[in-house]
Amino acid sequence: MTRTITIRRPDDWHLHLRDGAMMQAVLPETARTFGRAIVMPNLVPPVVTGAQAAAYRDRIMAALPDGMTFQPLMTLYLTEDTDPADVAQAHADGIATSVKLYPAGATTNSASGVRDFDKVRPVLEKMAEIGMPLCMHGEVTTSDVDIFDREAVFIETVLDPIRRATPGLRVVMEHTTTSHAADYVRANDQDLGATITTHHLIINRNHILVGGIKPHYYCLPVAKREEHRQALVAAATSGDARFFLGTDSAPHPDHLKEHACGCAGCFTATNTMPLLAHVFEEAGALDQLEAFASLNGPAFYRLPANDDTITLTKSDTATAFPAKIDCEAGPVTVFDPGFPVYWS
Ligand code: DOR
Ligand code: ZN
């Protein structure tokens, strides 16, 4: 028996497209399904200025295969030297949708991120004034904090103080991985939103470590205990408009994942929507998938939802997703949920 659902075309509110040959290989995987994406700026060198964001956007559009429509929403990488006037100009010109804050050292290419949060206060104040959202990688980086506690400590010691000091600042807590984050979002107002990835709705930390290390499940923030995964599923399927999809799909060639010091990132662009249909159906909440993937994100970013739709179909035979996407730098492994999925 087949079952179908039709929803507004989804958007991805947190995506890594990379650049050059890698971008050429992975962009169609997103553009095939998603209308828009918030594109992360952690290239080497990072996308810091409005001019760099405009040039990156043009490279993305040039790489888009004929016949595909897709709108990249650009972000600026916040450094301690970022000029508030440049940020405001890029926002006013429609070049930059948001600013991305990486605590220095938190993740891939975050070395130019923020060490001293006081140094970026003028930028944050300008953003509050013009209503420009701040996307936050919410982990502290000090070696005395256990990696599994870094998100919870960040909320208490960085995020909450910044929000109190900057009234009106609109913040997206990105790739939330804990019940602490879900609770913090629920306890706050409409100026705070949170993205949840596909993979954090599916794996917990056991999936990474039990029965041999699984480098393709390693990402940052790292997946937490099962109770946290369940809290994320509850938040995503609740219909609460502050939670929305940001896949954090982050391609790395296999030889850099399957490595003595493997890179962080799960590549989910190819199969996210079928996986989400599976997760939402299991939770008895297929009727909330459209809100999570297609409606809540645009509402937070004060943009219209997409006009067109996609249809997801469930059949009796498991869907065969490609195991890998070919790229010049080597194959990129597509996220394997570890269970059969009947949606496509
Ligand atoms: O797993 C991750 N990969 N988390 C991030 O924050 C960055 C990303 C990447 O760029 O590879
Ligand atoms: Zn990311």
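The values are calculated or read from the model by the stated rules, or taken from the named source; none is laboratory data. In this text, all values refer to a predicted model and were calculated from it rather than measured experimentally. So basically every Cβ, Gly included, is an ideal-geometry build from the backbone, and we count neighbours across all protein chains shown.
Out of region 188-223, which residues are away from ligand 1 (no atom under 11 Å from the Cβ), among the small types (G, A, S), closer than 23 Å to K100 by Cα and free of Cβ contacts under 8 Å to residues at least 60 places away in the same chain? Within region 188-223, A194 is the sole residue that qualifies. The conditions of being buried (at least 18 other Cβ atoms within 10 Å of the Cβ) and more than 15 Å from ligand 2 (Cβ to nearest atom) are not met by T4. Of all residue pairs spaced 6 or more apart or on separate chains, those with beta-carbon atoms under 6 Å, a first member in region 85-109 that is more than 16 Å from ligand 1 (Cβ to nearest atom) and a second member that is hydroxyl-bearing (S, T, Y) are D86/T49. If you go through region 87-100 and keep only what is crowded, with 18+ Cβ neighbours inside 10 Å and touching a Gly at 6+ places or on another chain (Cβ under 7 Å), you end up with A90, I95, A96. The condition of being modelled with pLDDT under 95 and either under 21 Å from the mean Cα position of the chain (by Cα) or away from ligand 1 (no atom under 16 Å from the Cβ) (or both) holds for only one of T30, T2, that being T2.
Candidates V87, V99: the one that is among the β-branched types (V, I, T), in contact with a helix residue (DSSP H, G or I) (Cβ under 8 Å, 6 or more places away or on another chain), more than 25 Å from H252 (Cβ to Cβ) and at pLDDT 95 or above is V87.
Mind counting the residues in region 218-267 that are surrounded by fewer than 22 Cβ atoms within 10 Å (Cβ to Cβ), over 21 Å from V171 (Cβ atoms) and hydrophobic (A, V, I, L, M, F, W, C)? Here the count works out to 8. Of all residue pairs spaced 6 or more apart or on separate chains, those with beta-carbon atoms under 9 Å, a first member in region 128-145 that is at pLDDT 95 or above and a second member that is assigned to a loop (DSSP other than H, G, I, E, B) and among the aromatic types (F, W, Y) are P133/Y301; M136/Y102; H137/Y102. I'd like the full set of residues that are aliphatic (A, V, I, L, M) and more than 16 Å from ligand 2 (Cβ to nearest atom), limited to region 88-99. The answer is A88, A90, A92, I95, A96. Under the condition of being in a loop (DSSP other than H, G, I, E, B), over 11 Å from I60 (Cα atoms) and either modelled with pLDDT under 95 or out of contact with any Pro (no Cβ under 9 Å at 6 or more places or on another chain) (or both), the residues counted in region 6-27 number 2.
Among the residues of region 100-156, write down those that are away from ligand 2 (no atom under 16 Å from the Cβ) and polar (S, T, N, Q). If the condition is that a residue be away from ligand 2 (no atom under 16 Å from the Cβ) and polar (S, T, N, Q), then T142, S143 are the ones that fit.
Quick one: in region 233-253, which of the residues that are away from ligand 2 (no atom under 16 Å from the Cβ) and not small (G, A, S) is farthest from C135 (Cα to Cα)?
At the first step, the residues of region 233-253 found to be away from ligand 2 (no atom under 16 Å from the Cβ) are 233-243, 253.
Cutting the leftovers down to not small (G, A, S) gives us 233, 237, 240, 242-243, 253.
Values: V233: 21, T237: 22, D240: 19, R242: 14, F243: 14, P253: 26 Å.
Ranking the candidates gives P253 first.
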